[in-house]
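Bear in mind that the values in this text are calculations on the coordinates, not laboratory data. Everything quoted here is computed from the prediction, not taken from an experiment. Cβ: placed from backbone, ideal geometry, glycine included. Neighbour counts: every protein chain shown.
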Amino acid sequence: MPYSTLIFDLDGTLSDPAVGVIRCMNFALTSFDYSPLPEHEITQHIGPPLELTLGKLSGSEDKTHIAALAAKYRERYGELGFKENTLYPGIEHMLSSLRANGQRLGVCTSKLPSNAIKILECFKLIHYFEFVSGPATPQPKSQQLQELLATGSISEDALMIGDRAVDLQAAHSNSLKSAGVLWGYGDREELKAEGPTHLFASPKELTERLQR
């Protein structure tokens with residue numbers, strides 16, 4: 001430390017997307033005659049790419065069908081779902097404090113960049129971030145980080161921060177340090193199994209330990 005850039009995941013790290021995700025997921029599933037799923041069956045999949053989650057929840061391996069499900073999900077999400085996020089307590093103060101202390105911040109999410117930007121704008125957080133990375137087509141987060149490195153948007157001393165194993169795995173596959181947060185959807189066991197450099201219980205703890 002200090003890290004050149006702090007890269008934040010969005011869902012489960014900055015905001016809680018549960019209400020919108022549940023409603024949009026069931027909208028997509030029922031549009032194709034699947035039965036709606038209970039909340040707990042959906043929320044355990046928050047974090048990984050949408051197409052991967054829809055494949056698991058629908059039981060389908062047909063890429064064309066999964067793409068159609070994803071399109072239906074995004075139809076509702078782009079209109080209503082992004083508004084159904086809630087900001088975790090302490091996030092705005094965390095970002096404000098880190099920026100005031102001279103820290104460079106970015107976002108790397110599995111969401112479409114347009115939806116991620118709309119969420120950050122809703123919470124008036126967009127000005128804290130120098131970039132927002134999201135896939136235009138289905139793409140693992142590891143590849144997003146690889147592209148950020150290749151374009152010089154981040155350097156090898158950046159830190160990836162997220163609430164699920166997939167965030168930490170993406171960092172490690174690119175030789176980046178990682179930090180897990182415990183207020184999202186990944187529990188301590190899931191995150192510790194990935195060997196993160198840091199594990200934070202609250203935005204306050206993250207701020208105190210990562211300020212320059």
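How high is the relative contact order of the chain, in percent, counting Cα pairs under 8 Å that sit 6 or more residues apart?
So the answer I get is 28 percent.
Using only helices, what value at 222 nm comes out for the chain when you add -39,500 (n - 2.57) per DSSP H run of length 4 or more and divide by the total residues, to the nearest 500 deg cm²/dmol?
That calculation yields -13500 deg cm²/dmol at 222 nm.
Would you mind ranking Phe8, Phe27 by Cβ crowding within 10 Å, fewest neighbours first?
Neighbour counts put them in this order, fewest first: Phe27, Phe8.
Could you please rank Tyr3, Tyr73, placing first whichever residue has the fewest other Cβ atoms within 10 Å of its Cβ?
By the 10 Å Cβ count, ascending: Tyr3, Tyr73.
Report, by chain and number, residues whose modeled amide H sits under 5 Å from the one on Phe200, excluding near sequence neighbours (fewer than 5 apart, same chain).
Gly180, Val181, Leu182
By count of other Cβ within 10 Å, fewest leading, how are Arg188, Arg99 ordered?
Arg188, Arg99
For the chain, with a Gaussian network of springs between Cα atoms less than 10 Å apart, report the residue from Thr64, Thr13, Thr109 with the top mean-square fluctuation.
Thr64
Specify the inter-centroid distance of region 127-172 and region 187-212, based on alpha-carbon positions, in whole Å.
With region 127-172 and region 187-212 each reduced to a Cα centre, they are spaced 17 Å.
As an exercise, take the mean of 1/r over every pair of distinct alpha carbons in the chain, invert it, and state the Kirkwood radius in angstroms. Each step should come with its number before you reach the end.
Working: mean 1/r = 0.0578 Å⁻¹.
Answer for the chain: a Kirkwood hydrodynamic radius of 17.3 Å.
Enumerate the lysines that Lys124 could reach by cross-link, defined here as Cα to Cα under 17 Å, with residues fewer than 8 away along the same chain left out.
Leaving aside lysines fewer than 8 places away in the same chain, those within reach of Lys124 are Lys83.
Hey, how many Å between the Cα centroid of region 51-65 and the Cα centroid of region 91-114?
31 Å
Pairs of alpha-carbon atoms within less than 8 angstrom and 6+ residues apart define the contacts here; what relative contact order does region 18-83 have, in percent?
48 percent
Place a +1 charge on the Cβ of each Lys and Arg in the chain and a -1 charge on the Cβ of each Asp and Glu, then give the dipole magnitude about the Cα centre in debye, rounded to the nearest 20.
Charge dipole of the chain: 440 debye, to the nearest 20.
Which residues' amide hydrogens lie under 5 Å from the amide hydrogen of Asp16, considering only partners 5 or more residues apart or on another chain, with H built in the peptide plane?
When sequence neighbours closer than 5 places are left aside, the close amide H contacts are Thr86, Leu87, Tyr88.
Here is the link list: Lys63/Lys141; Lys56/Lys204; Lys56/Lys192; Lys72/Lys177; Lys118/Lys192; Lys63/Lys192. Which ones come out longer than 26 Å on Cα distance? It would help to have the intermediate numbers written out before the result.
Details: Lys63/Lys141 19 Å; Lys56/Lys204 35 Å; Lys56/Lys192 24 Å; Lys72/Lys177 36 Å; Lys118/Lys192 32 Å; Lys63/Lys192 32 Å.
Pairs exceeding the cut-off: Lys56/Lys204; Lys72/Lys177; Lys118/Lys192; Lys63/Lys192.
Choose one answer from Thr53, Thr137, Thr197: the residue with the largest mean-square fluctuation in a GNM of the chain with alpha-carbon springs under 10 Å.
Thr137
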